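The values are calculated or read from the model by the stated rules, or taken from the named source; none is laboratory data. Model, not experiment: these values are computed from the prediction. Because the Cβ atoms are built from the backbone with ideal geometry, glycine has one as well, and the counts that use them run over all protein chains shown. What goes into the accessible areas is simple: the full protein's heavy atoms, side chains included, and nothing from ligands, DNA or RNA. Shrake-Rupley method; radii C 1.70, N 1.55, O 1.52, S 1.80 Å.
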Number of protein chains: 2
Amino acid sequence: MKIIDGGITSPIGFKATGSHIGIKRVKKDLSLVTTDKPAICSGCFTQNIVRASHILWDEAIVKSGKRVKGLITVSGNANACTGEQGDKDNEKMAEVFAKEIGADKNEILTGATGIIGLKMPMDIIEKGIKDTVKNLSYDRESGKKSAMGIITTDKFIKEMAVQIDVGGKTITIGGMAKGSGMIHPNMATVLSYITTDLNITKELLQKALDYSIGETYNMISVDGATSTNDMALVLANGMADNKIIDSENEDFQKFKNALYKIHLKFAKDIIHDGEGSSKFMEVAVVNAKSKEDARVLAKSIVNNNLVKTALYGEDANWGRVVASMGGSGAYFNPRNLNIFFESQKGCIIMMQNGKPISFDENYASEILSEGDIKIVAELSDGEYTAKAWGCDLSYEYVRINGDYRSRS
Amino acid sequence: MKIIDGGITSPIGFKATGSHIGIKRVKKDLSLVTTDKPAICSGCFTQNIVRASHILWDEAIVKSGKRVKGLITVSGNANACTGEQGDKDNEKMAEVFAKEIGADKNEILTGATGIIGLKMPMDIIEKGIKDTVKNLSYDRESGKKSAMGIITTDKFIKEMAVQIDVGGKTITIGGMAKGSGMIHPNMATVLSYITTDLNITKELLQKALDYSIGETYNMISVDGATSTNDMALVLANGMADNKIIDSENEDFQKFKNALYKIHLKFAKDIIHDGEGSSKFMEVAVVNAKSKEDARVLAKSIVNNNLVKTALYGEDANWGRVVASMGGSGAYFNPRNLNIFFESQKGCIIMMQNGKPISFDENYASEILSEGDIKIVAELSDGEYTAKAWGCDLSYEYVRINGDYRSRS
């Protein structure tokens, strides 16, 4: 797998662009993507039962198996909790974009992120689409503009592109994502878009995505909240002309791994970019009885407020790690538990075989003074492992999420 | 039901005392309770699979159905994550106290709260018990001393006593509890002790306790964490000489309700006393499809960091309330959802039939400026209701739980 400088427009046949149309004050708030050849599409959608209109729309398209020609995203307005009107506005947005690029509205995927409960400014959006569509282009810069169009309070855009060889053909996979801001009154929405010129069956495309999401986005947490707007999409237009991947052969594994690498980078970028986070935490639970136990335990640690505040305070507070695991509902034998804290500065063991180990406080502080901290919970219950990623809980988090008036 | 000034020593035949024996620097750290006539005992214990030694010990006694003669609690040391040594120390503590009051060690319930992973200072504890038992007394002041002996960073002691009439006899129910501090490296431990001179079967005593805990302690959250040491006990010595309650008759309902009232007061006291909390939140979910749905929805709101920070920021952020409900996994129909915010200053509706309502920001701010806030989520899915109680997420919470060095 070769990492290249690129994004959503890197694979063959994908155009994109982004612009400021006036939903936000100044920043870009519209993102458009098209594919020259209709693409198959797979998706993962938020499990929150309160779902933005675009979630319902896109899920129906993905389920239908129809090929798609375009993807339109607005940022600044989440079009969530907006009832039937929101559904109508979402459909209208697809319709207007479809007309501009000579497609059917059902061939257009939609996305939105921003403030919940606000009616969509359809006049601005309609005009914005018409003004922006002419800038659609294959070049790198247009990909960047498109990535800027989907972010909200993200401090940086999230892009990546890689190439793999499939039966002598060079396959390109590119993507962009946004996460970050828990802004009034929304929560950290993840929008993740990936394009590829790979030729693959829809079933296997979905399978690769499901695997990837389960190991990446589903294992990160800024505040344990699920957004009403979360979505991850992959579009494959087959323009690389490789022999179609229709079985879980070596080529499929290559692609699955490349997709995972991109999603993992985006997931970590989202945590690093999390509003008000000052430290990054990776939690590894090893030797668990089952994959599910490992996952639940790892997530219970990154989600625990007491662990998160301890991380912020650079406090080697293994007691909270143990207690959060114990309260997670997952199985493990506490009497065989080892807990390690690690960073670039070194590694220190806090608990061994379920018993506290006396350790050098100064050395622990030195390890925890780093920005990237790893917590390892080593069990002896089985052979399953899971990793989760999160951040600390800081004054800044409270300020950003509590101090609404200063932001509106 | 009559509320009287009292606590753990109010019912007939219960003596108590508390003292400072040197586990903590200055505050009381030992609490003793005895009953003249051996008492039946019911208990609820933490579901955390990492469990302090006293949890294992007391659960075995409660399961055995044996009558008990005493209860000893130390504060300052949680005796958790201390392995077999912790079990031995806990047993020794029971043994020493038993010897002093002429009981068998298996007739002594134990409790501990404080720092995890520290070996118990058994020399101090043994001497402390011997010095303290002679002060055991029936009077009100001794009850207060006993309540002081179980608290850690609680700002105030939690006591209550009530009287009910059962078949012409006056029954007294008294109790004490502690909660509060998420201090290094422990989490908010709840210890709840109730004594009564009621004559009742063990099965019904447990049934009344289970009901009560499910509606009170299980519905409060300071940080969503379960302690390794949480426990609620009820001791009934039957010395009021009422005809034994052996069926779920009117007298049982009276007792069950009285027990609930005491536990509810303690639960709310614990939230009000929660370290770093500046606002109290009551969440009511009404007209849910099932009791379990109502419970899960109510708890998802009080546990949500974005709701908690919004409360701290006095931000009428209904979007976060809705999203946290949607992510809870419980069933409700979002299109029939109404959301109200209430306080002494008034009530305001934010969302009606799943659609946002434009509201007066100033009025909302005025309502949220109060210390006690109520959030009502009105569904139309059924007839079940649940309440949960929590607090905001403040700078102070982060400071207390993050800034370890300044506290050790």
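Place +1 on the Cβ of every Lys and Arg and -1 on the Cβ of every Asp and Glu in the protein assembly as shown, take the dipole about the Cα centre, and give the residue among A:N249, A:T132, B:S365 whose Cα lies farthest towards its positive end.
The Cα lying farthest towards the positive end belongs to B:S365.
Largest first, what is the accessible-area ranking of B:R25, A:R335, A:R295 with a 1.4 Å probe?
Solvent-accessible surface, decreasing: B:R25, A:R335, A:R295.
Put one equal scatterer on each alpha carbon of chain A, apply the Debye formula with no solvent term, and list log10 I(q)/I(0) at q = 0.15 1/Å to two decimals.
The computed values of log10 I(q)/I(0) come out as -1.30.
At 7 angstrom along the Cα-to-beta-carbon line, where would the label on A:K130 sit relative to the other copies? Give the distances in nm, shortest first.
So the distances to the same position in the other copies read 9.5 nm.
Given a cut-off of 29 Å, name the pairs among B:K207/B:K289; A:K158/B:K299; B:K130/B:K178; B:K261/B:K355 whose C-alpha atoms lie farther apart than that in the structure shown.
A:K158/B:K299; B:K261/B:K355
Determine, from the Cβ-Cβ distance of A:D5 and A:D360 and an R0 of 45 Å, the FRET efficiency 1/(1 + (r/R0)^6), rounded to the nearest 0.05.
0.55
Quick check for you: with a 1.4 Å probe and neighbouring chains kept, what is the accessible area per residue of the range A:320-408, in Å²?
41
Suppose every K and R has +1 on its Cβ and every D and E has -1 on its Cβ; what is the size of the dipole of the range B:247-392 about the Cα centre, in Debye to the nearest 20?
360
Which residue, B:E203, B:E361, B:E95, has the most motion in a Gaussian network model of chain B that connects Cα atoms within less than 10 Å?
Maximum fluctuation in the GNM of chain B, among the listed residues, is at B:E361.
Given H placed on each backbone N at 1.01 Å, which residues far from B:I116 in sequence or on other chains put an amide H within less than 5 Å of it?
Correct list: B:A78, B:N186.
Return one quarter of the surface area of the convex hull spanned by the alpha-carbon atoms of the range B:145-297, equal to its mean projected area, in nm².
Directional mean of the projected Cα hull area for the range B:145-297 stands at 10.2 nm².
Kirkwood hydrodynamic radius (Cα pairs, Å) of the range B:276-408?
Answer for the range B:276-408: a Kirkwood hydrodynamic radius of 15.0 Å.
Less than 10 Å Cβ to Cβ from A:K279, Lys/Arg counted +1 and Asp/Glu -1: what total charge do the surrounding residues give?
-3
Which whole-number value in Å² is the accessible area per residue of the range A:1-103, probe 1.4 Å?
For the range A:1-103, the per-residue accessible area is 38 Å².
How are the Cα pair distances of the range B:200-251 distributed, in percent, across 10 Å bins from 0?
With 10 Å bins starting at 0, P(r) equals 18, 44, 24, 13, 1.
Among DSSP beta bridges whose residues both lie in chain A, state the antiparallel percentage, nearest 5.
For chain A, the DSSP antiparallel bridge percentage is about 70.
Under a plain spin-label model, where a point goes 7 Å from the Cα along Cα-to-Cβ, how far apart in nm are A:Q352 and A:K207?
4.5
DSSP loop (so not H, G, I, E, B), at most 14 other Cβ within 10 Å: list which GluC sites (Glu not before Pro) in the range B:205-296 pass both filters.
B:E248
Quick check: pseudo-label points 7 Å beyond the Cα along Cα→Cβ at B:R140 and A:N336, how many nm apart are they?
Between B:R140 and A:N336, the label points sit 5.7 nm apart.
State, in square angstrom and to the nearest 100, the accessible area buried between chains A and B, both chains counted, probe radius 1.4 Å.
Heavy-atom accessible area buried at this interface is about 4700 Å².
Using only the alpha carbons of the protein assembly as shown, determine the length spanned along each of the three principal axes and report them from longest to shortest in whole angstroms.
Computed over the protein assembly as shown, the largest-to-smallest principal extents equal 90, 55, 44 Å.
So what does A:W57 come to for accessible area, using a 1.4 Å probe and Å² rounded to 10?
Near enough 40 Å² of accessible area.
Does the range A:71-230 come out rounded, prolate or oblate by the C-alpha gyration tensor, with a ≥ b ≥ c the root eigenvalues, rounded set by a/c under 1.5 and, if not, prolate when a/b is larger than b/c and oblate if not?
oblate
Return the long-range amide H neighbours of A:M351 (sequence gap of 5 or more, or a different chain), with a cut-off of under 5 Å between placed amide H atoms.
A:I339, A:I357
Let me test this: with uniform point scatterers at the alpha carbons of the range B:83-143, what is the Debye-based log₁₀ I(q)/I(0) at q = 0.16, 0.22, 0.23, 0.29 1/Å?
-0.58, -0.99, -1.05, -1.30
In debye to the nearest 20, how big a dipole does the range B:13-86 give about its Cα centre with +1 on each Lys and Arg Cβ and -1 on each Asp and Glu Cβ?
The calculated dipole for the range B:13-86 is roughly 240 debye.
Under the convention of a label 7 Å out along Cα→Cβ, give the distances in nm from A:G329 to the same position in every other copy, shortest first.
From this label point to the equivalent ones elsewhere in the assembly: 0.3 nm.
Based on alpha-carbon atoms only, what is the radius of gyration of the range A:1-106 relative to the globular estimate 2.2 N^0.38 Å?
1.14
Compute accessible area for the range B:76-106 by itself and then with all protein chains, 1.4 Å probe, and report residues whose area falls by 20 Å² or more.
Residues shielded by partner chains are B:C81, B:G83, B:E84.
Carbon-plus-sulfur fraction of the accessible area of the range B:81-224, 1.4 Å probe, in percent?
52
Out of the DSSP beta bridges found with both residues in the protein assembly as shown, what percent are antiparallel (nearest 5)?
70
Anything losing 40 Å² or more of accessible area from the isolated chain to the full protein assembly: pick those residues out of the range B:288-332, probe 1.4 Å, ligands and DNA/RNA ignored.
The answer is B:N305, B:L306, B:T309, B:D315, B:W318, B:R320, B:A323, B:G326 - residues whose exposure falls by at least 40 Å² when every protein chain is included.
For chain B, modelled as a GNM with alpha-carbon contacts under 10 angstrom, which of B:G167, B:G175, B:G86 fluctuates the most?
The residue with the greatest mean-square fluctuation here is B:G167.
Using a Gaussian network model of chain A whose springs link C-alpha atoms within less than 10 Å, name the residue from A:D89, A:D293, A:D131 with the highest mean-square fluctuation.
Maximum fluctuation in the GNM of chain A, among the listed residues, is at A:D131.
What accessible surface, in Å², does a 1.4 Å probe find on B:L235, ignoring ligands, DNA and RNA and rounding to the nearest 10?
Surface accessible to solvent at B:L235 totals approximately 10 Å².
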